[in-house]
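Let me begin by presenting the structure, written as structure tokens, before commenting on it.
Please treat every number below as a calculation from the coordinates, not as lab data. All values reported here derive from a predicted model rather than from experimental measurement. Note that each Cβ is placed from the backbone with ideal geometry, even for glycine, and that neighbours are counted across all protein chains shown.
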Amino acid sequence: MVAPIIVALGGSLFYGDHDVKTWLGQLRQTIVHLEGNGRKLGFVVGGGKPAREGIQLASHVLTDRYKLDEIGIAATRLNATVLQSMLSDIGCKVSQEIPTTTELAAQMLNEFDIVVMGGTTPGHTTDAVSVAFARDAGAAHVIIATNVSHVYTADPRTNPDAEPLEVLSLNELQEITGKEAMGPGQSAAVDPIAVNLAIECGLKIGVLDGRDIRRIEDAVEGRPFEGTLVHPE
Ligand code: UTP
């Protein structure tokens, strides 16, 4: 069997300022094309706006971090259901079920060409889920599609001197992200828990701007892509 490829689709891609309808159409077309080329694909979908809004709403009445994370997870599964339904509707061989563990998701890839999932358990984001899915499915790398072009030397939203990086090691990425888990609904270029896990299993990570579908397709097809390549040491 060909090694599967795992793609994390950040929730911002489903709710950003770009033309989401056109983007979804391009994503659908690309996935059909990749499936036709014999690819096995695992998608891990982020929570985006519903996660942030749900967590904000719940935080009026809940303080337990675990419970707020559960709200975020529910939002990721909502978005995963949208993608799953879209692919099922056009006849892709995609699993109907949204798996709740990466072990199950990896098993399901034996039967289906495509598996779509969201979050799993509290304490991390879907970036970490995608790395665990890649580990369990025997994938050599994972693609993190987000709404920034590259990993930067610092947070470009707050640091005007931040510079984009084309290539770096996982350990160098860990120096940028730190090692501590983020709070419910917090965001960063790459979740530190995902970086820790990728170091443990020696996985390569590609980080790219998923609003440009060609970058996702290039990375999945193993071509040079615009974005950041993070390699194990
Ligand atoms: P996301 O994975 O969407 O966070 O999870 P993100 O990467 O910051 O956001 P996007 O998708 O790129 O916009 C949203 C929230 O859901 C909870 C966390 O609280 C997280 O911040 N979550 C998600 C979990 O607790 N466990 C999971 O496996 C996934």
**Request:** Within the range 32-83, list the GluC sites (Glu not before Pro) lying in a DSSP loop whose Cβ has at most 13 other Cβ atoms in a 10 Å radius.
**Result:** none
**Request:** Going by C-beta contacts inside 10 Å, put 73, 90 in order with the fewest on the left.
**Result:** 90, 73
**Fill in**
Connecting every pair of Cα atoms under 10 Å apart in the chain and solving the GNM, the largest mean-square fluctuation among 102, 158, 125 falls on 158
**Asked** Can you give the FRET efficiency for residue 226 and residue 201, using 1/(1 + (r/R0)^6), R0 = 30 Å, r = Cβ-Cβ distance, to the nearest 0.05?
**Response** 0.70
**Request:** Just grab the label-to-label distance for residue 154 and residue 22, each label 7 Å out from Cα along the Cβ direction, in nm (one decimal).
**Result:** 3.5
**Fill in**
Everything considered on the Cα gyration tensor (a ≥ b ≥ c; rounded for a/c under 1.5, else prolate if a/b is larger than b/c, else oblate), the chain must be described as rounded
**Per-residue [θ]222 nm for the chain (sum of -39500 (n - 2.57) over DSSP H runs n ≥ 4, rounded to 500)** = -14000 deg cm²/dmol
**Asked** Taking the Cα centre of the range 138-233 as the origin, how large is its charge dipole in debye, to the nearest 20, when only Lys and Arg (+1) and Asp and Glu (-1) carry charge on their Cβ atoms?
**Response** 240
**Asked** residue 181 versus residue 233, label points 7 Å from Cα toward the beta carbon: distance in nm?
**Response** 2.5
**Fill in**
Along the dipole axis of the range 19-85 (charges at Cβ: +1 for Lys and Arg, -1 for Asp and Glu; origin at the Cα centre), the most positive-end residue among 73, 50, 31 is 31
**Message:** As I understand it, the dipole of the range 111-169 uses +1 on the Cβ of Lys and Arg and -1 on the Cβ of Asp and Glu, about the Cα centre. Which of 117, 142, 154 lies farthest toward its positive end?
**Reply:** 117
**Fill in**
Taking alpha-carbon centroids only, the range 87-138 lies from the range 28-45 a number of Å equal to 13
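Let me have the relative contact order for the range 98-233, percent, based on Cα pairs under 8 Å that are six or more residues apart.
28
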**Message:** Counting other beta carbons within 10 Å of each residue's own, what order do 65, 211 fall into, fewest first?
**Reply:** 65, 211
**Request:** With r as the distance between the Cβ atoms of residue 104 and residue 163 and R0 = 41 Å, compute the FRET efficiency 1/(1 + (r/R0)^6) and round to 0.05.
**Result:** 0.55
**Asked** In whole Å, what are the Cα extents of the range 143-233 along the three principal axes, biggest one first?
**Response** 33, 32, 25
**Loop GluC sites (Glu not before Pro), the range 146-182, which have at most 12 other Cβ atoms in a 10 Å radius of their Cβ (DSSP)** = 166, 180
